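What follows is one structure encoded as C-alpha cells, with my remarks underneath.
The values are calculated or read from the model by the stated rules, or taken from the named source; none is laboratory data. These figures come from a predicted structure and were not determined experimentally. Note that we place each Cβ from the backbone using ideal geometry, even for glycine, and neighbour counts take in every protein chain shown. Side chains are part of the model used for accessible areas, which takes the heavy atoms of the whole protein and leaves out ligands, DNA and RNA. Shrake-Rupley method; radii C 1.70, N 1.55, O 1.52, S 1.80 Å.
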Amino acid sequence: MKNQPIMQATERHLKNHSGIGQVIRNTLTMAYRGLLKIKRTPEQLFDVTLQPIIFTLMFTYIFGGAISGNVQNYLPVIIPGILVQTVITTSIVTGVQLREDMDKGVFDRFKSLPIARIAPLAGALLADTIRYTIASTLTFTMGYIMGYRPEGGLGNVILAGLIVIACAWAISWIFAFFGVISRNATSVQGISMIVLFPLTFLSNAFVPADTLPKVLQWFVKFNPISHLVTAVRELTNAGTVGWDLIISLVGAAVIVAIFAPITVRAYMRRT
Amino acid sequence: MSNEYRKIVEKADWAVEASGLVKTFGDNHAVDGVDLQVPTGSIYGVLGPNGAGKTTTIRMLATLLRPDAGSAKIFGYDVAKDPQIVRQLIGVTGQYASVDEALSATENLVIFSRLLGLSRQESKRKAEELLEEFGLTEAAKRPLKNFSGGMRRRLDLAASLIAQPPLIFLDEPTTGLDPRTRNQMWDTIRRLVKSGSTVLLTTQYLQEADELADRIAVIDHGRVVAEGTVDELKGSIGTSSLHLSIQHTQDMQDARRIVEQVLKVQSAASPEGGKITAPMAHADRVTDLLIALREQGIQLAELSVQKPTLDEVFLTITGEGVKEDKQEKEGIA
Ligand SMILES: Nc1ncnc2c1ncn2[C@@H]1O[C@H](COP(=O)(O)OP(=O)(O)O)[C@@H](O)[C@H]1O
Ligand SMILES: [Mg+2]
C-alpha cells in the first residue's frame, strides 16, 4: 500500500478477452508452478520411475521366449509397446493430481484472476510432460541395458519419444475431464483405469495382432494405441514414417480439440 | 466509446450494485434475494452469523459462483456478462486462504504476479515489496506448511493486492486471529482505503463492523435484514438503551412483558439470563416502568442506561443472539 493512490475503475484500460499471447504466457506460468511443485515433492515421481523399469524387465522375460523365440528378438517389438503403455498410463496420474489440486483453495484465486481460463488446466498438463519424459528415457535406457539397439538411430528414438509424449499430453485431457467432473480423486483413478486398461492391452503393444481371435483383431486394428505403437516401431526400428504416425497425430489433435473445451467448460462450472 | 465511457462514469459511484441475488444449494436457500449498494471509496461491512450466506454472496460478486437469479455490477460491469473485466477490478481474499501450500511465500506471489502480466523482474520486486509490507520477509523462503494462521492470512491479502485493484473483497479477514494480529489486520484495511480502494468485508463480529465499516448490511438466513451507517443502525433502536438486571430469573417473562407494555418497544433477553435490554426513546417512561415493576413485586439487581451497541442492534433486528460457531473458528486456526 505504499501511499501511491489506487487507479480507479474508470481510469483503467480493461480488456474483455484474452489473446493467444496471454493464453501462452499464462499457461507457461502455470506450468512453471507445476514444475515447482514436483521439485518440492519429488517422491511423487516414484511411480513414474519404477513402472518403466519393472515393466520392461517383467514383460520382456515373461513373453520374450513365447512370442519372438528369444529376448533379443522381442526387444524391438516390446520396447515401443512398453513405452506407449507406460507413458499413457502415467497420464492418468495427471488427471488424479489435477483433481486433488483443484480441491485446494488456490484454485479459487486462479479463478478470480483475469487470466486465460484454460491456463490452470493446460499448464498443469504441460508440467506433467516432465513425467512422460522421465518414463520415456527410462524405458529406452532399460531397453539399451538389456541389449536393444534400435536401427533407426538416436535421432529417431528421440523423435519417437517426443511423439509419444505429445500424444500422452493429448490423452491426459481425457483424464483431466474425468478429474474435473468426478467427485474425488479415487474415482478419477477408477474410471481412468477402466478406460485405459482395455485400450493398452487390447492393442499390438505386447503381442502381434494376428495371434488373436477375429473379433479382438478387429478391435486391435482400430485401437488408436496400436497405431501409435506401430508408428514408434517404424521410427525406432527402421527410421521410417508412415500412415500410422499421421493417424496418431491427427487422433491426438482431435482429442485435444474435443476434450480441452469441454474440460474448461466443466471446470468453470464447478462451484 | 464516449457513450460507453459516460455510462461508466455515472455508475462508478457504486463499487458494487447487487439486486435480488439468489443462490440455492439443493433446497437450502443460501442467499435469498440480497440487494447491496457499496459506495466507491468506503469500507462496507456485511455482518451476519455463521451460515448467513456471506461467503456465498461474496463468491457471486467475485465471479466465482453464478447467481441463480438477480444481478450484480462491479463499477458498472455485470458479473455475468463481463466477468473477465470484473476480475481486473477486484482482489479476493477468501475465508480460507487461497495460496499454494506446497510453495514458499515468494514463489506464490511471483506466480500470481506473472499471471497478472508483470515481467520476471517486476514480479520479484513486487513480491519483495509486499512481503516487506506485510512483515513476512523473514519467512519468505519457507514453505507455507509452517505458517501460522495469521501469516497465511497476511500472505493471502498481499496476493490480492498485487494488481492494486480498486475493489477488495475480504471474507472474514480476522476470524480465528489473536487480538494483536487482528488489530494489525484492521490497520492494514484502514490503510487500504486511505490509498483509494473500496473494501467489502464480511464479519461475524459486531465490534469489527463497528470499528471499521462506514456502512453495514446485516444479513441473516440469506437476506439483508437491515442496512445503513453504523449510527443509523444504532439509531434505529433508539438513541439509548435500557439495561435491567432482575434478581430472580423466574420473573423474567413477567418483567419483559411489563417492559414492552410500558415502553411500547421490543425487548431482548440476554443469553446469560437475568438481563433485559430495550431501546429507550423517552427517558420519562423509565419512571413509569419502575413503578410498574415495583407493583408486580419484581426486584431489580441493576439498572443502567447506555448507548446501544451493534450487538443489541443485531439482537433487536433478528430477534436472537449471535452464537459463535466453534467449528468455524477451529477450521481456520
Ligand atoms: N458449496 C455449497 N454446497 C452446499 N451448500 C452450501 C455450499 N456453500 C454454502 N452452503 C450453505 O449455504 C449456507 C450459507 O453459507 P455461507 O455463504 O458459507 O455462509 P457464511 O459465509 O455467512 O457463514 C449455509 O447453510 C451453507 O451450509
Ligand atoms: Mg463464510
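Just one residue in the set A:Arg33, A:Arg12 is open to solvent by less than 30 Å² (accessible area, probe 1.4 Å) and not aliphatic (A, V, I, L, M); that residue is A:Arg33. Just wondering, is there one or more residues in segment B:197-217 that are over 14 Å from the mean Cα position of the chain (by Cα), of a type outside the set (Asp, Glu), more than 16 Å from ligand 2 (Cβ to nearest atom) and modelled with pLDDT of 90 or more? Yes, segment B:197-217 has at least one match.
From the list B:Gly319, B:Gly297, B:Gly273, the one residue that fits, being surrounded by fewer than 17 Cβ atoms within 10 Å (Cβ to Cβ), more than 16 Å from ligand 2 (Cβ to nearest atom) and at pLDDT 80 or above, is B:Gly297.
Let's see how each residue does on (1) surrounded by fewer than 19 Cβ atoms within 10 Å (Cβ to Cβ); (2) within 20 Å of A:Gly105 (Cβ to Cβ); (3) away from ligand 2 (no atom under 16 Å from the Cβ):
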| position | (1), (2), (3) |
| --- | --- |
| B:Glu133 | yes, no, yes |
| B:Leu144 | no, yes, yes |
| B:Arg153 | no, yes, no |
| B:Asp156 | no, yes, no |
| B:Leu161 | no, yes, yes |
| B:Asp171 | no, yes, no |
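If you check B:Gly51, B:Gly76, which single one turns out to be more than 16 Å from ligand 2 (Cβ to nearest atom), on the phi > 0 side of the Ramachandran plot and not acidic (Asp, Glu)?
On the way: B:Gly51 fails: more than 16 Å from ligand 2 (Cβ to nearest atom).
Answer to the selection: B:Gly76.
Per the listing A:Ile115, A:Ile130, the residue uniquely at pLDDT 90 or above and within 14 Å of chain B (Cβ to nearest Cβ) is A:Ile115.
Does any residue of segment B:95-106 turn out to be closer than 24 Å to A:Gln8 by Cα, within 16 Å of ligand 1 (Cβ to nearest atom) and in the same structural domain as B:Asp187 (by TED's automatic domain parsing)? No; the residues of segment B:95-106 include none that is closer than 24 Å to A:Gln8 by Cα, within 16 Å of ligand 1 (Cβ to nearest atom) and in the same structural domain as B:Asp187 (by TED's automatic domain parsing). Taking the criterion of being loosely packed, with under 12 Cβ neighbours inside 10 Å, of a type outside the set (Gly, Ala, Ser) and part of a helix (DSSP H, G or I), the only residue of segment A:15-30 that qualifies is A:Ile20.
Using the structure shown, decide if A:Phe63 is more than 9 Å from chain B (Cβ to nearest Cβ), surrounded by 14 or more Cβ atoms within 10 Å (Cβ to Cβ), part of a helix (DSSP H, G or I) and among the aromatic types (Phe, Trp, Tyr).
Yes.
If only residues of segment A:69-108 that are within 11 Å of chain B (Cβ to nearest Cβ) and either of a type in the set (A, V, I, L, M, F, W, C) or touching a Gly at 6+ places or on another chain (Cβ under 8 Å) (or both) are counted, the one that is nearest to B:Ile90 (Cα to Cα) is A:Asp108. Being open to solvent by less than 10 Å² (accessible area, probe 1.4 Å), modelled with pLDDT of 90 or more, of a type in the set (Ser, Thr, Tyr) and more than 11 Å from ligand 1 (Cβ to nearest atom) is a condition met by no residue of segment B:7-27. Taking segment B:141-243 as the region of interest, the helices (runs of 4 or more DSSP H) fully inside it that hold 3 or more residues being more than 14 Å from every other protein chain (Cβ to nearest Cβ), away from ligand 1 (no atom under 16 Å from the Cβ) and touching a helix residue (DSSP H, G or I) at 6+ places or on another chain (Cβ under 7 Å) are B:206-212, B:230-235.
Here the condition is being closer than 20 Å to A:Arg109 by Cβ and within 16 Å of ligand 1 (Cβ to nearest atom); of B:Ala62, B:Ala69, B:Ala52, B:Ala30, it holds for B:Ala62 alone.
Take A:Phe46 and decide whether it is more than 11 Å from every other protein chain (Cβ to nearest Cβ) and within 30 Å of B:Glu101 (Cβ to Cβ). Criteria met by A:Phe46. Selection of segment B:91-107 for residues being modelled with pLDDT of 90 or more and more than 7 Å from every other protein chain (Cβ to nearest Cβ) yields B:Gly91, B:Thr93, B:Ser104, B:Ala105, B:Thr106.
For segment B:275-287, the set of residues classified as closer than 16 Å to B:Arg256 by Cβ and part of a helix (DSSP H, G or I) consists of B:Arg285, B:Val286, listed by residue number. Of the helices (runs of 4 or more DSSP H) lying entirely inside segment A:97-160, those containing at least 1 residues that are closer than 26 Å to B:Ile162 by Cβ and within 20 Å of the chain's Cα centre (by Cα) are A:119-127.
Residues in segment B:80-92 that are open to solvent by less than 10 Å² (accessible area, probe 1.4 Å) and under 23 Å from B:Ala52 (Cα atoms): B:Gly91 only. Counting the residues of segment B:22-76 that are out of contact with any His (no Cβ under 8 Å at 6 or more places or on another chain), assigned to a loop (DSSP other than H, G, I, E, B) and not charged (D, E, K, R) gives 15. Within segment B:34-56, is even one residue open to solvent by less than 10 Å² (accessible area, probe 1.4 Å), within 9 Å of chain A (Cβ to nearest Cβ), under 20 Å from B:Ala217 (Cβ atoms) and touching a strand residue (DSSP E or B) at 6+ places or on another chain (Cβ under 6 Å)? Looking through segment B:34-56, none of the residues is open to solvent by less than 10 Å² (accessible area, probe 1.4 Å), within 9 Å of chain A (Cβ to nearest Cβ), under 20 Å from B:Ala217 (Cβ atoms) and touching a strand residue (DSSP E or B) at 6+ places or on another chain (Cβ under 6 Å).
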